[in-house]
Amino acid sequence: MDKASLIGVLIGLAACGFVAFEVSHGHFEMFFSMEGVLMVGVGSISVTFIAMPMEKIKQIPGYMKKFFFYKGVPMTTLVTLISRLSERARRDGILALESEMQNVTDPFMAQGLKMAIDGVDPGNIEQLMRMEIVAMQDRHKAGKKFFDLLKLYGPGYGLVGTLVGQVGMFGKLADADIGALGKALAIAVVATLYGALLANAIAGPIGDKLATRSSEEMLNREMMLQAILSIQAGDNPRVTQSKVLAFIPAASRSKLNLAA
């Protein structure tokens, strides 16, 4: 579980819930409008089907899962693992890393190490692994695009809902029915509210978190690639460690150096 995502969701719900309670005095039903839900929620979802292919739409549950449950390997853990692998390869030869493969849980790193152990040319290893990185980046862009579409068109559909509600309100002015006028006005206001919440409290933050995770994963994979190429080249373990330490923040780097 991504604790930051969970904390952010809870804080947002608490703030919105408290304000809504203060305004409505506990009558939360005044904030619900089926017309607003259909216009903003269903309307925004329809845009994603128009703008994205079906195979990308099917991956949306996976994007949501990645938002709440991030299983990436911390960089500090990777540095420790790479240092151990480098020392073992320098001492016993790269073939000795076969016995260490069960400790490599990341599929990307495991694939690169297997190719290095099998004696694949370093140029081919780098080319294949960079292709993997590019493909991963493309998948991540598709995930962010879904939430970017909701962020972009959610407020637009909220505006459409507002205009529809205003048209309904103006159409009932002749009858002077206060109840009907109030309902039409509520639809207009609530639609804008739903659009703003969808863009700023849901789609925007999720898309930004996925973009951050994508950058972190790309940096991790670049570090793995450089480590594998360094180990295969037979570099001194300290040289390999220095290469991977360049990818982590200075504060974490100094902690690792102190612990070494």
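Please treat every number below as a calculation from the coordinates, not as lab data. Remember, predicted model here, so these are calculated numbers, not experimental data. Neighbour counts run over all protein chains shown; Cβ positions are idealised from the backbone, glycine included.
Some notes on this structure:
- Once C-alpha pairs closer than 8 Å and six or more residues apart are averaged by separation and normalised to the residue number of the chain, the relative contact order reads 29 percent.
- Point-to-point label distance, Ile202-Leu6, nm (Cα→Cβ direction, 7 Å offset): 2.2 nm
- Backbone N under 18 Å from the Phe69 label point (7 Å along Cα→Cβ), restricted to region 1-31: 1-7
- Label-to-label distance for Glu216 and Asn236 is 3.4 nm, based on points extended 7 Å past Cα in the beta-carbon direction.
- Put a dot 7 Å past the Cα of Ala174, heading toward its Cβ, do the same for Glu29, and the two dots end up 3.2 nm apart.
- Sorted by Cβ neighbour density within 10 Å, fewest at the top, the residues Lys58, Lys209: Lys58, Lys209
- Centroid-to-centroid, using Cα positions, region 63-124 and region 128-149 are 22 Å apart.
- Put in order of Cβ neighbour count within 10 Å, fewest first, the listed residues Lys3, Lys151 become Lys3, Lys151.
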